[in-house]
1. Tally up the residues in the range 61-78 that are in contact with a strand residue (DSSP E or B) (Cβ under 9 Å, 6 or more places away or on another chain) and either part of a loop (DSSP other than H, G, I, E, B) or exposed (fewer than 14 other Cβ atoms within 10 Å of the Cβ) (or both), please.
2. What pairs come up if the first residue lies in the range 79-92 and is closer than 17 Å to residue 65 by Cα, the second is part of a loop (DSSP other than H, G, I, E, B) and modelled with pLDDT under 85, and their beta carbons are under 6 Å apart, counting only those six or more places apart or on different chains?
3. Which of the numbered conditions does residue 12 fail, given that it passes all the others? Conditions: (1) part of a helix (DSSP H, G or I); (2) loosely packed, with under 14 Cβ neighbours inside 10 Å.
4. Take the residues of the range 45-60 that are in a loop (DSSP other than H, G, I, E, B) and at pLDDT 90 or above: which is surrounded by the fewest Cβ atoms within 10 Å (Cβ to Cβ)?
5. Looking at residue 17, is it without any contact (Cβ under 8 Å) to a residue 24 or more places away in the chain and part of a loop (DSSP other than H, G, I, E, B)?
6. In the range 79-89, how many are touching a strand residue (DSSP E or B) at 6+ places or on another chain (Cβ under 9 Å) and assigned to a loop (DSSP other than H, G, I, E, B)?
């Protein structure tokens, strides 16, 4: 699932805006609007991308296969137009590591 920002603002500006508490609204590849609550933004280096940024988002709308209490790890990517977009991280090891970093940040607070 790739998600595109429905706001005219840059996606990274929205994700890194600590004052933004509004739901994030995206369109999936089928044009369906989906709303998410932002949980965290985590920089995480991988072998393929030393400057990768991940967003942990909790769906506010029903998504088949996702429980009410689950969050999804997305990688911030550049789409074909060069705009920021989100893509579900399909590598379960990377998704677990990103989520582990989030838990570590919570423990440090």
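The values are calculated or read from the model by the stated rules, or taken from the named source; none is laboratory data. On a predicted model such as this, the values are computed, not experimentally measured, just so you know. All Cβ positions, glycine included, derive from the backbone under ideal geometry; neighbour counts span all protein chains shown.
1. Residues in the range 61-78 being in contact with a strand residue (DSSP E or B) (Cβ under 9 Å, 6 or more places away or on another chain) and either part of a loop (DSSP other than H, G, I, E, B) or exposed (fewer than 14 other Cβ atoms within 10 Å of the Cβ) (or both): 8 in total.
2. 88/1
3. So the condition that residue 12 fails would be (2).
4. Per the criteria, the residue is 60.
5. Answer is yes for this residue.
6. Count: 3.
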